[in-house]
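Computed from the coordinates by the stated procedures, all read-outs in this text should not be read as laboratory data. Just so it is clear, the model here is predicted, and its values are computed rather than measured. When we count neighbours, we look across all protein chains shown, and the Cβ atoms used for this are built from the backbone with ideal geometry, even at glycine.
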Amino acid sequence: MKTALLIPIHKQSEYFLDIYNGIESQTESPDSVYLLLDRPTKEEYKHISDICKSKTSSTKYNIMVMNDVPEYVGKPTNIPGESLFLTGYRRNTGIDKAIEDGHEIFVFIDGDCIPEKNLIASHKKSCSVNLPILACGRRKESRFDWKDQRDSDPDLKPINLFKDGGTIIYNVEFLKRSAIVWTCNVSLNLRAVKLLKKLNKKYYGRDELFNSEFLGSWGGEDSFLGLQTVFCKIMVASISGADSGIRHIDHPRPNKKYSYDVFQKTLETQVELLEYMFKKDPIDLEFFVD
């Protein structure tokens, strides 16, 4: 099964050399890397392009320059001077290209995340099952002594999210509070992608993985993706192998943009709407037939 690593990059080119070195150090390389450059400057494009030219592996690097703005933006930003948050749209474009290129496993990290050496190997192992699956890995941060903050979360501690062998998530409340699915370290197999795209097509009229209701302002699109798995009967699991996380590069996170409350109300509203649509027009068995 061909594996694609997809990385949206918006004003983060200064981190790319460290990310590139992490990719080139993988114990199992992805077949392709899709660099989703979101409205880059000429200097940013040249910096990333020059680094990719020095590659030593057989991994193919696809640099996709994306300057377009979608017709529909569900949550336009109201922060003066802040550009539209379009990362979900960029990921949608990238995964469509990766599917077209014949990939069946899709690993996502962000443009401020350095992959540890077993990231790809661990996600490939989890997604190579004959089931639709979404797999989540650790996000390690310096403020938590290079551990994942969920390792010490009092609500999550009892389920031991990253125990050996990983954990299957059954508690929908964890998904609703945005505690599990973070696109800084997540993967899906093709079966899961097809079901999620089909769900968005049925209820929103859009053939997309990340829902456009969350375009415009930061946050919530990954949590909503996790909640949509419940409707699609997709298994959500954690990966726990050694060195299978990402190391998040610390940078300023203004509260007006990144606070929990900023996106949580939108998330709750969209979940309620989806639940309502589901009750009015439930999914039938035909939905699960390829």
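Structural remarks
- Between the C-alpha center of segment 123-195 and that of segment 44-102 there is a gap of 24 Å.
- Cα gyration tensor, segment 65-130 - rounded (a/c under 1.5), prolate or oblate: prolate
- Rounded FRET efficiency, nearest 0.05, which uses the C-beta distance separating Asp96 from Glu173 and R0 of 35 Å: 0.65
- Choice from Phe144, Phe210, Phe224 with maximal GNM fluctuation in the chain (Cα, 10 Å cutoff): Phe144
- Net charge over other residues, Cβ less than 12 angstrom from the Cβ of Ser29 (K, R count +1; D, E count -1): +2
- Global geometry of segment 3-288, whether rounded, prolate or oblate, following the gyration tensor of its Cα atoms and the 1.5 cut on a/c: rounded
- Karplus-based coupling profile of segment 24-40, in residue order and whole Hz: 5, 9, 5, 5, 10, 7, x, 5, 9, 10, 10, 9, 9, 7, 8, 6, x, with θ = phi - 60° in 6.51 cos²θ - 1.76 cosθ + 1.60 and x standing for Gly or Pro.
- Hz values of 3J(HN,Hα) by residue in segment 124-130 - Karplus curve (6.51, -1.76, 1.60), Gly and Pro given as x: 4, 4, 5, 8, 8, 9, 8
- Ellipticity estimate at 222 nm from DSSP helix runs (n ≥ 4, -39,500 (n - 2.57)) divided over the chain, nearest 500: -10500 deg cm²/dmol
- Magnitude of the charge dipole, segment 3-288, Cβ model with Lys/Arg +1 and Asp/Glu -1, debye to 20: 180
- Count Lys and Arg as plus one, Asp and Glu as minus one, and take only other residues whose Cβ is under 12 Å from that of Glu43; the net charge is then 0.
- Taking the average, over residues, of other Cβ atoms within 10 Å as the packing measure, peptides 236-243, 98-105, 184-191 rank 184-191, 236-243, 98-105 from highest down.
- Estimated from the Cβ-Cβ distance and a Förster radius of 45 angstrom, the FRET efficiency linking Glu28 and Glu268 is about 0.70.
- Prolate/oblate/rounded call for segment 145-267, Cα gyration tensor, a/c under 1.5 rounded: oblate
- Modelled spin-label separation between Ser142 and Arg206, with each label point placed 7 Å from Cα along the Cα-to-Cβ direction: 3.6 nm.
- Over all other residues within a Cβ to Cβ distance under 10 Å of Ile114, the charged ones net out to -1, with Lys and Arg as +1 and Asp and Glu as -1.
- Counted residue by residue at 0.36 nm each, then reduced by the alpha carbon distance between them, the extension gain from Phe278 to Lys60 reaches 74.4 nm.
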